[in-house]
Every structure is written in structure tokens, then in C-alpha cells.
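Undergrad: What follows is a single structure, and I will ask about it in a moment.
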Amino acid sequence: MSDDLAYRFGFLCVTRGRAPEAVTQWHRLDLVGQDLFVHPESTVQSVATERGDTAIVVGDIFVAHGVSPLDELLLSIADGDRRPLEDLSGRFALFVVTAGEIVVLHDPLGSQALFYARSGGIAGSHAALVAETLGVAQSRRVRQYMALPEYKARKTRFLPGDLTLFDEVALLPPNNELHLRGARTSRYWPIHPVKDSSREEAFAIWDEYFTNYARFLAPRYSPVLGLTGGTDSRSVIASLHSKGIELRCETWDSMPIQERERIDPMVAHLRVNHRWLDLSHRVDSTRFHELRSAAKKAAGFTRGTPLLPALMDDRAGARDVFLYGHGSGVMRGSYSRLFKPWLPEDPLKRHYALYAGPNRKDASRAYETFTLEALRNFLNRANYGSELHGADIGDLFYWEQRMANWAALQIATFSVTMQSHAALNSRRLFSTFWGIPGEARSTKELNKDVMRHYDPVLAEL
């Protein structure tokens, strides 16, 4: 039971005959000598070109930009063109089968995490599932690193680079694809330099994105969001609310008093179904404990024992999807050297400064050595030496490391209770906001401007 919850909405592509017991009751697809196992609650769709090349999507996918039908875009991808990926969003993994080779990609943010065996031939939705398939134990070195005081002092904990708690299992960075049999990665994005854009152009792309996202959500899901005083989730709420999407909101009681005082007026204004969650509450039931254990495993044992998914389970419906406000930091340039000119120019030193933060000044040799090694390997496997078309590597690092590791695993923990998405998840959206000149894109005023456009009252609460 706990495995089925931990790997909910998951998948595993494995050499025939090597499937672990956890997936034997899942749906199975034949991929040229490989078996693709898909959790019964996951959606699957596929297209094939005239010459037999195939694109298979596992999970939620929709056309976020433009007017081309989804099948047409998928056929182009199966034919080797990666440009259509700029117009797609959702939470998905994409398997492309061409001339006997299997290539695996995922959604823009990597919100559907994708892990693979460094030895090749195995890729899946959860690090623990890939490790179980390989029959390997947790890494002693990584556990020792996580026990270091510098790591434990981090406000936001996630492993550096593409590390997992298993030495033989790696995380695929977004904007890279995995050539499955040889476990080789290659970068396919950025595909062109960032173009200058105005705030009006950026808002037009934002509106197009949420118009299409709302069309995707309406017949399938009942969105649930965390209602806070922050701008990220409120800008998402304002956008979807304006598109006629009915929302349910939850708020947990760990916020400052000033922020708490804004919640009730927002609920009254939005007229949404809302409740407060007490983070000190525990339920002495088998289901509650199973959910917490499953969420811990879903995150590859790197996020403690999550509580929120279990607390929200009693109201979770079959159509519910939890929407995170993840993605705003990518647009704002949270790690960009444009707004942090003190950052080192050297990619490795810059990545270390951004990951380690102030702790690096007094870090032990063990912490520094391990972190630098992990980031050096990440830069290699994420192909930072390939053509980046002038993109700020700080922007890419925030996206491809922080979002793909910390945010994606947070999403995985919620999936034990309900489907989960990153609400801001579009390459075209990100790159358009990158083109806004000066410091305009680095402040949260952009999010407030979005709110003012859709809901002026909410923006000022």
C-alpha cells in the first residue's frame, strides 16, 4: 500500500525482465526491448510519424502558447524538432522512440521529476523506485553530507546538483534529454538568444498561458491552492479566478501575524472555500502514518517526513490538483548576475556561492569539497558547456537545480494525496520575462501588476 502511494502517478522504463514488484500491477507498454510501466492513475497519450517514430507522454500536458494542436507538436518532437517544447506545459515525461533509441524529456520546470540509473537502461519518476529496481542502498556519503551542520542550517534544503540519496541514481536537469541506454544527457534549450520584451508583451504571454491552462484544468480538475500573503500564489489565484476557475484554498498557521491578518479579508473577497490547517495536529490512524511515510519515500528520503499532504488528505477529492506558485523565481531572475553583480563569473564558483550562500564563508572542508564536486558533475551532466545563446547561467541554475530538485520533490510529496502542478511552467513565459530590461523583472511589482490587472482589490490586500 505505501509503495502505491509513494509512487502515485509514477512511471518506470526498464530493460525487460528487471521490473521490481512495486510496478507489476501497473499498465505496461512495449518500447523496443524496454518495458514502460505506468501507474494506473496516470494518463498516457502517444503519436507516431509515418516512418514509425513515436512520442509517448505520461502525465498532464497541454498547449500553453500558439494555436497548433497537441498531436501536431508531438509529431514534430518525434521527428527530432525540439522547438515545440517552448509551447508545451503541464507535468509530464515524454518518451521519444526513434530507430530503436529511447530519449526521455520532461516538462519545462522538471516538475515531473525524472531519475535515471547512471549505468543506463532505467528511468523513472522517483529516485527510490529506480534504486529499488537497481537493488541499491542509500549512499553513506550523501547521508553524512546531509548530517553536516552547514547542510542542516539551510533554510531550504535540497541536495546540490543532480544528486539523490543513491550514488547510482541521478536527477535529469530540465532543458536536457536523456539517451536512455547509455545514460547520456544532451541539452536542447535555450534554442535562441533572449529577445528584448516590454512589460505589455510579457503580460500578453502570461494571459495566453493562463487562458490555456484554465481551459485544460476546467474539465479535468478542481484546483486547490495555498492562500498566503505572498505575491506568487496570489498572482496565480487572481489569474485563474478571472478565467472562471473555481478554487479551494488552504492556509497553514506557520506565517507571521501580519500575514495571517490578511487571510480572512482575502477569503471574503474571493468567496472561496477555505480552511486553516493546524501544523501541530496529528491523526492517530494507519492512513495518516502511511501518507507521511509515502511522502517521505516519494521525495527520495531527502525532505524529512512531510506533514501537509497527510493533513490535507481528509478533504482531497478525486479531481483535486494542488497548484504551487513555483516558477516566479525563474522569471524574476532570483540568481541572475544582472541583479547580483557580486557573484563570481566562473560558473562553478558562482554555483557554489548561490547554493552554499553565507554558510560558505565558514564552511568545513568536508562540506566545501563535497558540494563543489557535486556541482562540478552537475555542470557537466547538465551540459553547461554547450551553446546557451547568451542565457544567464544564474537564471538557468535557479531553474535547473533549485526548481528541479527542491520544487519538484515538494510536488512529488503532495502527489501521495492529490495530483500536483507547478502553476507557472512555460519556457516561452520565462524567456519573455527575461527580456524585460533593467531591474523591472527582478522585483515583485510584476506579480502585483498582474494582480492589479485581474483583481485590483486582491492586489492591495
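Every number in this text was worked out from the coordinates using simple rules, so none of it is lab data. Because the structure is predicted, anything quoted here is derived from the model rather than measured. Note: ideal-geometry Cβ built from the backbone for every residue, glycine included; neighbour counts use all protein chains shown.
Undergrad: Counting each DSSP H run of 4 or more residues in the chain as -39500 (n - 2.57), what helix-only mean residue ellipticity at 222 nm follows after dividing by all residues, to the nearest 500 deg cm²/dmol?
TA: Mean residue ellipticity at 222 nm (helix-derived): -10000 deg cm²/dmol.
Undergrad: So how do K349, K152 line up by other beta-carbon neighbours within 10 Å, fewest first?
TA: Ordered from fewest to most neighbouring Cβ atoms within 10 Å, K349, K152 come out as K152, K349.
Undergrad: Taking the Cα-to-Cβ direction at E368 and at E101 and moving 7 Å from each Cα, how far apart do the two end points lie in nm?
TA: About 4.1 nm, to one decimal.
Undergrad: In what sequence do V23, V236 fall when counting other Cβ within 10 Å, fewest first?
TA: Ascending number of Cβ neighbours within 10 Å: V23, V236.
Undergrad: Hey, how many Å between the Cα centroid of region 338-352 and the Cα centroid of region 60-90?
TA: Measuring centre to centre over Cα atoms gives 34 Å.
Undergrad: Divide the volume of the convex hull of the Cα atoms of region 1-109 by its number of residues and quote the answer in cubic angstrom per residue.
TA: 97 Å³
Undergrad: Next question. Taking the Cα centre of region 2-187 as origin, work out the dipole magnitude from +1 charges on Lys and Arg Cβ and -1 charges on Asp and Glu Cβ, in debye rounded to 20.
TA: Taking the Cα centre of region 2-187 as origin, the dipole is about 1020 debye.
Undergrad: Kirkwood Rh and Cα-based Rg: tell me the resulting Rg over Rh for region 264-405, rounded to two decimals.
TA: 1.07
Undergrad: If you don't mind, another one. Dipole size in debye (nearest 20) for the chain around its Cα centre, Lys and Arg Cβ +1, Asp and Glu Cβ -1?
TA: 1220 debye
Undergrad: I would also like to ask the following. Magnitude of the Cβ-charge dipole of region 127-234, K/R +1 and D/E -1, about the Cα centre, nearest 20 debye?
TA: 460 debye
Undergrad: Which of N273, Y209, H326 sits farthest toward the positive end of the charge dipole of the chain, with +1 on the Cβ of Lys and Arg and -1 on the Cβ of Asp and Glu?
TA: H326
Undergrad: Could you work out the relative contact order of the chain? I mean the mean sequence separation of Cα pairs under 8 Å and 6+ apart, divided by the number of residues, in percent.
TA: RCO, the chain: 21 percent.
Undergrad: List the chymotrypsin sites (Phe, Trp or Tyr not before Pro) within region 267-323 that DSSP assigns to loop and that have no more than 13 neighbouring Cβ atoms inside 10 Å.
TA: none
Undergrad: At 0.36 nm per residue, and after removing the present C-alpha to C-alpha distance, how many nm does the segment from L338 to D278 gain when stretched out fully?
TA: Full-extension gain reported as 17.6 nm.
Undergrad: Over region 1-65, what number does the Rg to Rh ratio reach, with both radii from the alpha-carbon atoms and Rh per Kirkwood?
TA: Ratio value, two decimals: 1.02.
Undergrad: Need one number: nm distance between label points at E201 and R376, each 7 Å from Cα along Cα→Cβ, rounded to one decimal.
TA: So the label points at E201 and R376 sit 4.1 nm apart.
Undergrad: Let me ask another. If r is the Cβ-Cβ distance from D167 to A268 and R0 is 41 Å, what FRET efficiency results, to the nearest 0.05?
TA: So the FRET efficiency works out to roughly 0.20.
Undergrad: What's the whole-number percent of alpha carbon pairs in the chain lying beyond 42 angstrom?
TA: The calculated P(r) of the chain puts 10 percent of pairs beyond 42 Å.
Undergrad: Sticking with this one: Give me log10 I(q)/I(0) at q = 0.17 Å⁻¹ for region 2-187, Debye formula, one equal scatterer per alpha-carbon, no solvent.
TA: These q points yield log10 I(q)/I(0) values of -1.10.
Undergrad: Tell me, what is the percent relative contact order of region 2-187, built from C-alpha pairs under 8 Å that lie six or more residues apart?
TA: 19 percent
Undergrad: For region 134-239, state the average projected area of the convex hull of the C-alpha atoms over all orientations, rounded to one decimal in nm².
TA: 12.0 nm²
Undergrad: Here is a follow-up. Just give me a number: lysine pairs in the chain, eight or more positions apart or cross-chain, with C-alpha atoms less than 24 Å apart.
TA: Counting lysine pairs in the chain gives 20.
Undergrad: Follow-up question, since we're still on this one. Once Lys and Arg get +1 and Asp and Glu get -1 on their Cβ, which of H65, N377, T49 lies farthest toward the positive end of the dipole of the chain?
TA: Selected residue: N377.
Undergrad: Just want the ordering: C249, C13, from fewest to most Cβ atoms lying within 10 Å of their own Cβ.
TA: Ranking C249, C13 by Cβ neighbours within 10 Å, fewest first, gives C249, C13.
Undergrad: With a point put 7 Å past each Cα toward its Cβ, work out how far A440 is from R184 in nm, to one decimal.
TA: Label-label distance for A440 and R184, simple model: 4.4 nm.
Undergrad: Would you please state which residues of region 187-231 a label at D81 would reach in this model, taking the label point 7 Å out along Cα→Cβ and a backbone N cut-off of under 12 Å?
TA: Answer for region 187-231: none.
Undergrad: Further question: Expected output is a single nm value to one decimal: the length gained when fully extending between K349 and T15, i.e. 0.36 nm times separation in residues minus the C-alpha distance. What is it?
TA: Full extension from K349 to T15 adds 116.4 nm.
Undergrad: Using just the Cα positions, wrap region 228-327 in a convex hull and report its mean projected area in square nanometres, one decimal place.
TA: 7.6 nm²
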